[in-house]
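Trainee: Please read through the structure below; I'll follow up with questions.
Coordinate-derived values only; no laboratory data. The model shown is predicted, which means the values in this text are computed figures rather than measured ones. In this analysis, Cβ positions are derived from the backbone assuming ideal geometry, glycine residues included, and neighbour counts consider all displayed protein chains.
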Amino acid sequence: MRVGHHIVPPLAKQSGLTLDEQQLAAWGEDLGAASNPPLVIAITGDLGAGKTTLAQAICRGFGVTDAVTSPTYAIVQQYSSERCPVYHIDLYRLDDQSHLTNIGWDDIMAEHALVIVEWPERAGDRMPPDPLHIELDYVEGDATRRLLIAG
């Protein structure tokens, strides 16, 4: 798996993969292991689509040994790895992109780090210009699987 400006999952049909939770976690761990910071990963999807599950797997693959929790209420969680800091940011509760300053957004984006952002659309034009974008969606008729599109 090559991680750069664009990534297409191997063996993907129409640029997407249909994965169960275990496969999603394995894919995320592989992505984390292959990631080269500085890198911003933007994960979109509906509530419950698996964004935090994927973020946790990416962190594991990147070498984070602490328990990775959902930052929905804290908004930002910082973790350590041997490679560099990891930031897990959940913008779901953010009302306005002007509040990004209060969470240290500019400093985080300027740091040599792996940054995983859930609900990146809420950052508006303050998102970096070329994050690795991953979209998760429900698979119609199968509540156990998710469609993953990366690139």
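Trainee: Thr144 - would you say it is among the polar types (S, T, N, Q) and assigned to a strand (DSSP E or B)?
Mentor: Yes, satisfied.
Trainee: Here's a follow-up. Which residue pairs have Cβ atoms under 7 Å apart, sit 6 or more places apart or on different chains, and have a first residue in the stretch 55-83 that is closer than 16 Å to Arg93 by Cα and a second that is hydroxyl-bearing (Ser, Thr, Tyr)?
Mentor: These pairs meet every condition: Ser70/Thr52; Thr72/Tyr92; Val76/Tyr87; Gln77/Thr69.
Trainee: Of all the residues that make up the stretch 109-141, how many are touching a residue at least 40 places away in the same chain (Cβ under 8 Å) and not in a loop (DSSP other than H, G, I, E, B)?
Mentor: The qualifying residues number 16.
Trainee: Another question, then. I need the full set of residues from the stretch 28-43 which are closer than 15 Å to Val64 by Cα, more than 13 Å from the chain's Cα centre (by Cα) and in contact (Cβ under 8 Å) with a residue 40 or more places away in the chain, in order please.
Mentor: Pro37 - this is the single residue of the stretch 28-43 that is closer than 15 Å to Val64 by Cα, more than 13 Å from the chain's Cα centre (by Cα) and in contact (Cβ under 8 Å) with a residue 40 or more places away in the chain.
Trainee: Considering only the stretch 45-79, how many residues are farther than 21 Å from Trp27 by Cα, out of contact with any helix residue (DSSP H, G or I) (no Cβ under 6 Å at 6 or more places or on another chain) and in a loop (DSSP other than H, G, I, E, B)?
Mentor: Adding up the residues that qualify gives 4.
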